[in-house]
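Please read the structure below before turning to the comments.
The values are calculated or read from the model by the stated rules, or taken from the named source; none is laboratory data. None of the values given here were measured: they were computed from a predicted structure. Note: ideal-geometry Cβ built from the backbone for every residue, glycine included; neighbour counts use all protein chains shown.
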Amino acid sequence: MADTRSNSDGELNHVDKTVCEIVVVRHGETEWNANKRIQGHLDIDLNDIGRQQAVAVAERLARESKINAVYSSDLKRALETAKTIASRCGGIQVMQDPNLRERHLGDLQGVVYGEGPTIKTKAYEALQSHRRDLEIPGGGESLNQLYERCTASLQTIATKHRGERVVVVTHGGVIRALHQRASIGKSHRAGRILNVSINVLNLSDSDDWVIKSWGDVSHLNGAGYLDSGFGGDRTSG
């Protein structure tokens, strides 16, 4: 039987058979987000607000067109968000992909952002640098390394799920890199990447990426979100 769930506009949302529609969602809020403490690869749980946010985005997606698959970073804040979505969208199994992890931020991981310039000066300077090939001291990744791993992961997912609608739950830095890939030759800016924001991309087998919608948090009415967007700005974490 054909799926008849509608999108938020009340219209049926059919995916073009030549593309994969990927709904990219940032994880829900953590206490470290709220305290402006840099996470990177450190494995921090959602807080209570983050869990409410996860339910809000899950209930929205459950009202829209059928979700065929759910992928997630293997870090707990993303994985719990993804499992909440999957459970409300037909009990789909979440597939974990470490290539969807946040950028490794080296010596800055665990540091309150405002203290970075004084207690981890070299790492902070690397984070602020515009050099895309510069790794962060302490085992951190360059922007280029982040870009290569997460864009390759998304293209692999798209190739596997052509003609389908897929949810990918990941992190602010990753989403910013995906936006960069989809915006090559365009002037569209990513802006802040808020917790549980919805960002829809269409990917084709020809490696063509199109942004369909970006930064939608309309489902958070009443659930609350961080106005600062910390963790989803250019520094991420």
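Taking only region 153-188 into account, find how many residues are of a type in the set (A, V, I, L, M), under 20 Å from Ala78 (Cα atoms) and not in a helix (DSSP H, G or I).
To start, the set of residues in region 153-188 that are of a type in the set (A, V, I, L, M) comprises 154, 157-158, 166-169, 174-175, 177-178, 182, 184.
Cutting the leftovers down to under 20 Å from Ala78 (Cα atoms) gives us 154, 157-158, 166-169, 174-175, 177-178.
Right, trim to not in a helix (DSSP H, G or I) and you get 166-169.
Number of matching residues: 4.
Just give me the residues in region 194-207 being surrounded by fewer than 18 Cβ atoms within 10 Å (Cβ to Cβ) and in contact with a strand residue (DSSP E or B) (Cβ under 8 Å, 6 or more places away or on another chain), in sequence order.
Here is the first cut: in region 194-207, the residues surrounded by fewer than 18 Cβ atoms within 10 Å (Cβ to Cβ) are 200, 204-207.
Result: Val200, Ser204.
Can you name the residue in region 9-48 that is surrounded by 14 or more Cβ atoms within 10 Å (Cβ to Cβ) and at pLDDT below 80 and is also farthest from Gly163 (Cα to Cα) among such residues?
Restricting to residues being surrounded by 14 or more Cβ atoms within 10 Å (Cβ to Cβ) and at pLDDT below 80, the top hit is Asn13.
Mind checking whether some residue in region 61-80 is surrounded by fewer than 22 Cβ atoms within 10 Å (Cβ to Cβ), part of a helix (DSSP H, G or I), at pLDDT 95 or above and touching an Asp or Glu at 6+ places or on another chain (Cβ under 6 Å)?
The answer is yes, given that some residue of region 61-80 is surrounded by fewer than 22 Cβ atoms within 10 Å (Cβ to Cβ), part of a helix (DSSP H, G or I), at pLDDT 95 or above and touching an Asp or Glu at 6+ places or on another chain (Cβ under 6 Å).
Please work out if Gly40 is on the phi > 0 side of the Ramachandran plot, under 14 Å from the mean Cα position of the chain (by Cα) and in contact (Cβ under 8 Å) with a residue 24 or more places away in the chain.
yes
Are any residues in region 149-178 among the small types (Gly, Ala, Ser) and in contact with a Phe, Trp or Tyr (Cβ under 6 Å, 6 or more places away or on another chain), and if so, which ones?
Initially, region 149-178 is screened for residues among the small types (Gly, Ala, Ser), giving 152-153, 158, 163, 172-173, 177.
Hit for region 149-178 is Ala177, nothing else.
Out of (1) touching a helix residue (DSSP H, G or I) at 6+ places or on another chain (Cβ under 8 Å); (2) within 23 Å of Leu79 (Cβ to Cβ); (3) of a type outside the set (Lys, Arg), what's the single condition that is false for Gly116?
For Gly116, the exception is condition (2).
If Val94 satisfies all but one of (1) buried (at least 23 other Cβ atoms within 10 Å of the Cβ); (2) touching a strand residue (DSSP E or B) at 6+ places or on another chain (Cβ under 6 Å); (3) of a type in the set (A, V, I, L, M, F, W, C), what's the number of the condition it fails?
For Val94, the exception is condition (1).
Of all the residues that make up region 163-193, how many are at pLDDT below 95, among the charged types (D, E, K, R) and out of contact with any strand residue (DSSP E or B) (no Cβ under 8 Å at 6 or more places or on another chain)?
Residues meeting the conditions: 2.
Being exposed (fewer than 15 other Cβ atoms within 10 Å of the Cβ), outside any loop (DSSP other than H, G, I, E, B) and touching a Ser or Thr at 6+ places or on another chain (Cβ under 8 Å) is the filter here, so list the residues in region 98-152 that pass it.
Pro98, Gln128
Taking region 194-207, which residues are farther than 18 Å from Ser218 by Cβ, at pLDDT 90 or above and either hydroxyl-bearing (Ser, Thr, Tyr) or assigned to a loop (DSSP other than H, G, I, E, B) (or both)?
Listed by number, the list holds a single entry, Ser204.
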